[in-house]
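Report on one structure; see the data block that follows.
The values are calculated or read from the model by the stated rules, or taken from the named source; none is laboratory data. For clarity, every value in this text was computed on a predicted model and none was experimentally measured. Cβ placement follows ideal geometry from the backbone for every residue including glycine, while neighbour counts extend to all protein chains displayed. Ligands, DNA and RNA are stripped out before the accessible areas are found, and what is left, the full protein with its side chains, is counted by its heavy atoms. Shrake-Rupley method; radii C 1.70, N 1.55, O 1.52, S 1.80 Å.
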Amino acid sequence: MASTNALTFKVTRQSPELVPPAKPTPHELKPLSDIDDQEGLRFQIPVIQFYRRNPSMDGKDPVMVIRDAVARALVFYYPFAGRLREAAGRKLVVECTGEGVLFIEADADVTLQQFGDALQPPFPCLEELLYDAPGSGGVVNCPLLIIQVTRLRCGGFIFALRLNHTMSDAAGLAQFMSAVGEFARGAKVPSIPPVWQRELLSARDPPHVSCTHHEYDDVPDTKGTLIPLDDMVHRSFFFGAAEMSALRRRLPPHLRRCSTFELLTACLWRCRTIAISPDPNEEVRILCIVNSRQRFNPPLPTGYYGNAFAFPVAISTAEKLSKNPLAYALELVRKTKADVTEEYMKSVADLMVIRGRPHFTVVRTYLVSDVTHAGFGDVDFGWGKAAYGGPAKGGVGAIPGVASFYIPFKNNKGENGIVVPICLAANAMEVFVKELDMMLKRDDDDLKAGRKGSVFIASAL
């Protein structure tokens, strides 16, 4: 049984089955890039899409339609149907075996309407809607994709997917999912032909680290500040136009033209640091995931679906970050984003080979990933765009609790904005909410007029 707050329902699953490509595909070995197989990407990332009933599709079974479309998409994306092997030097290589991806058919005795208006993480029923089939969760010698399609009583359905992150980033995964959607709607070939070419992000010969990469520093956890895994609370916070303009008013005029990503990242980093209360003199870090596709000259080819992002890092002492105005954090975030160039990416690939593919630093670190432009919500299997599409939860990764996603979202008032799932220990979450509430308070005139800012907690577990 699964429950979302007061909602309880039963999911009936069929046995997991392998779906191979619809036609024979090459049996070959394809090495991943040296960006792909770093330790910090050796985990499974969950994505979930909710679809409403579409009367024009009545009589069509989403399970059959999607299973067939996946098989046809795998002819073009055949590495996904293979299995990873680990070679010398911890190098990951896809053996294109054509075995297929794991597919699960399911039914739930619930309607989409019963989930309520607020379809956003955390989805407490996730383990029912994305079954962790025994033996499927490893990095090597396991299926690279798991897909579960769950029919709902209302005629809608849920498409949930788990991807081995070494294979693709958000943009690459959304590209594959869009191709499945195109095949489901009758296409014969994908509109964007997939490009493998992982050698574009492989280390140079000989490798040499030419940039500074504090994101891979070996930082000792002197005070045991890694997040405790028990007593974790997942909540989502909504940032619409009103929230963002309240934050902008906290900036000096010359910084107010900053991007939404920069402003939101500075705010969340500051609030989260205060919430976890590290030693004032200790360093805290924010890793900003930056897509490098357009930072190459020429840009990486359209259709490249490997990992093409960097984790540039901003560093501050906890005291400076907590006591300075928001502008301090913002300036650090802006500078960090600008660090990522073609040379920077090549330098990361070289570092991976020289240092044995280390994990990025997680001690006193917060990681943010903006998927507002990835296009998950636009994926259409014939039933229209998703009511919600994107990461299934925050805090995912090889080290849980470190990462948050920025997900495009329309709240139940019809306002467009960004929803951010946050994962913190319960006592830290209380402090985080108070700090964020203070940041979102309107200026004095608004307060006198009785318009008091408050944090909109979109969902709580």
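Any chance the stretch 341-348 includes a residue that's among the basic types (Lys, Arg), in a helix (DSSP H, G or I), farther than 23 Å from Ile45 by Cβ and open to solvent by 10 Å² or more (accessible area, probe 1.4 Å)? For the stretch 341-348, residues among the basic types (Lys, Arg), in a helix (DSSP H, G or I), farther than 23 Å from Ile45 by Cβ and open to solvent by 10 Å² or more (accessible area, probe 1.4 Å): present.
Has the stretch 297-313 got at least one residue that is surrounded by 18 or more Cβ atoms within 10 Å (Cβ to Cβ), part of a helix (DSSP H, G or I) and at pLDDT below 95? Spell out how you get there, then give the answer.
So in the stretch 297-313, the residues surrounded by 18 or more Cβ atoms within 10 Å (Cβ to Cβ) come out as 300, 304-313.
After this cut, where a residue has to be part of a helix (DSSP H, G or I) as well, the list is none.
Within the stretch 297-313, not a single residue is surrounded by 18 or more Cβ atoms within 10 Å (Cβ to Cβ), part of a helix (DSSP H, G or I) and at pLDDT below 95.
Here's the yes/no breakdown for (1) modelled with pLDDT of 95 or more; (2) open to solvent by less than 20 Å² (accessible area, probe 1.4 Å); (3) in a helix (DSSP H, G or I); (4) closer than 17 Å to Glu39 by Cβ:
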| site | (1), (2), (3), (4) |
| --- | --- |
| Ile315 | yes, no, no, no |
| Ser322 | yes, no, yes, no |
| Lys335 | no, no, yes, no |
| Tyr366 | no, yes, no, no |
| Gly377 | no, no, yes, no |
| Asp380 | yes, no, no, no |
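The C-beta contact set for the stretch 230-251 (first residue within 22 Å of Leu332 (Cβ to Cβ), second residue assigned to a strand (DSSP E or B), distance under 6 angstrom, 6+ apart or interchain) comprises Phe237/Val420; Phe239/Gly417; Phe239/Ile418.
On the stretch given as the stretch 329-343, residues that are in contact with a strand residue (DSSP E or B) (Cβ under 6 Å, 6 or more places away or on another chain) and either free of Cβ contacts under 8 Å to residues at least 40 places away in the same chain or of a type in the set (Phe, Trp, Tyr) (or both) total 0.
Scoring Val110 on the criteria (1) modelled with pLDDT of 95 or more; (2) crowded, with 21+ Cβ neighbours inside 10 Å leaves a single failure, condition (1).
Looking only at residues in the stretch 222-244 that are surrounded by fewer than 13 Cβ atoms within 10 Å (Cβ to Cβ) and over 23 Å from the mean Cα position of the chain (by Cα), the one that is modelled with the lowest pLDDT is Gly224.
Going by the structure shown, is Val110 under 22 Å from Leu126 (Cα atoms), part of a loop (DSSP other than H, G, I, E, B) and either under 22 Å from the mean Cα position of the chain (by Cα) or among the hydrophobic types (A, V, I, L, M, F, W, C) (or both)?
Working: under 22 Å from Leu126 (Cα atoms): yes; part of a loop (DSSP other than H, G, I, E, B): yes; either under 22 Å from the mean Cα position of the chain (by Cα) or among the hydrophobic types (A, V, I, L, M, F, W, C) (or both): yes.
In short, yes.
So that you can scan it fast, the table gives a plain yes or no per residue for (1) of a type outside the set (Val, Ile, Thr); (2) within 25 Å of Pro421 (Cα to Cα); (3) in contact with a Leu (Cβ under 9 Å, 6 or more places away or on another chain):
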residue: Pro280; (1), (2), (3): yes, no, no
residue: Ile289; (1), (2), (3): no, yes, yes
residue: Pro301; (1), (2), (3): yes, no, yes
residue: Tyr304; (1), (2), (3): yes, no, yes
residue: Ile315; (1), (2), (3): no, yes, yes
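When residues in the stretch 23-74 are screened for being of a type outside the set (Lys, Arg) and part of a helix (DSSP H, G or I), 17 of them pass. For the stretch 152-174, the tally of residues that are among the charged types (D, E, K, R) and surrounded by fewer than 18 Cβ atoms within 10 Å (Cβ to Cβ) stands at 1.
Output the number of residues of the stretch 175-190 satisfying the condition of being among the small types (Gly, Ala, Ser) and farther than 26 Å from Ile35 by Cα. Matching residues across the stretch 175-190 total 4.
Residue pairs whose Cβ atoms lie under 7 Å apart, separated by 6 or more positions or on different chains, with the first residue in the stretch 360-386 and closer than 20 Å to Cys271 by Cβ and the second among the polar types (S, T, N, Q) and open to solvent by 20 Å² or more (accessible area, probe 1.4 Å), are Val363/Thr225; Arg364/Thr225. In the set Gln44, Gln38, Gln49, only one residue is within 25 Å of Cys154 (Cα to Cα), under 26 Å from the mean Cα position of the chain (by Cα) and open to solvent by less than 70 Å² (accessible area, probe 1.4 Å); that residue is Gln49. For the stretch 175-190, filtered to residues that are more than 24 Å from the chain's Cα centre (by Cα) and under 24 Å from Ala160 (Cβ atoms), the residue that is least open to solvent (accessible area, probe 1.4 Å) is Phe183. Against the conditions (1) more than 25 Å from Ile192 (Cβ to Cβ); (2) modelled with pLDDT of 95 or more; (3) open to solvent by 10 Å² or more (accessible area, probe 1.4 Å), His359 satisfies every one except (2). Within the stretch 90-103, residues that are in contact (Cβ under 8 Å) with a residue 40 or more places away in the chain and open to solvent by 10 Å² or more (accessible area, probe 1.4 Å) have Cβ atoms under 9 Å from residues that are outside any loop (DSSP other than H, G, I, E, B) and hydroxyl-bearing (Ser, Thr, Tyr) in these pairs: Gly98/Tyr78, counting only partners at least 6 apart in sequence or on another chain.
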